[in-house]
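I have placed the structure first, in the form of structure tokens, so that the comments after it can refer back to it.
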Amino acid sequence: TELNQTFLGGRSAKIVVRATRGSAPLLVVHDQANREVCKAHDNPITCRWVPLYTQRHRIEISNTGEDVSEFYIVFD
């Protein structure tokens with residue numbers, strides 16, 4: 001799954017992903033310049049950073065297992 005989300009510059013950004021079925025997914029977050037700002041794989045997955053300026057981020061969530069995986073995601 002790939003999502004886009006705008007986060008405000010100078011304010012803490014946080015994404016939490018929790019698998020409800022299957023293996024924990026891989027979460028990778030990139031800024032507009034395609035720099036990786038976070039990569040995590042634990043369950044629950046938590047990524048926290050402070051963007052330098054307001055910009056759109058690309059959020060990639062990948063199933064790392066062989067079975068179907070279900071998850072929910074929270075943005076803060």
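Each reported figure results from applying straightforward, stated rules to the coordinates on display, with no laboratory input. All figures in this text were calculated on a predicted structure; none of them were measured in a lab. Here the Cβ is made from the backbone with ideal geometry for all residues, glycine too, and neighbour counts use every protein chain on show.
Please compute the net charge surrounding Ile15, taking Lys and Arg as +1 and Asp and Glu as -1 over other residues with Cβ under 10 Å from its Cβ.
Values: positive: Lys14, Arg48; negative: Asp76.
My count for the surroundings of Ile15 gives +1.
Using the Karplus curve 6.51 cos²θ - 1.76 cosθ + 1.60 with θ = phi - 60°, work out ³J(HN,Hα) for each residue of the stretch 54-65 in order, rounded to whole Hz, and write x for Gly and Pro.
Once rounded to whole Hz, the list reads 5, 7, 7, 10, 9, 10, 10, 10, 10, 6, 9, x.
In the chain, what trypsin sites (Lys or Arg not before Pro) fall in a loop by DSSP, with at most 13 other Cβ atoms inside 10 Å?
Loop-located and lightly packed - Arg11, Arg35.
Relative contact order for the stretch 12-76: what percent, with Cα pairs under 8 Å and sequence separation of 6 or more?
In percent, rounded to a whole number, it is 49.
For the chain, what are Rg and Dmax over the alpha carbons, in angstrom?
Gyration radius and largest Cα-Cα distance of the chain: 12.3, 39 Å.
Within 9 Å, Cβ to Cβ, of Ala24, how many net charges do the neighbouring residues add up to if Lys/Arg are +1 and Asp/Glu are -1?
0
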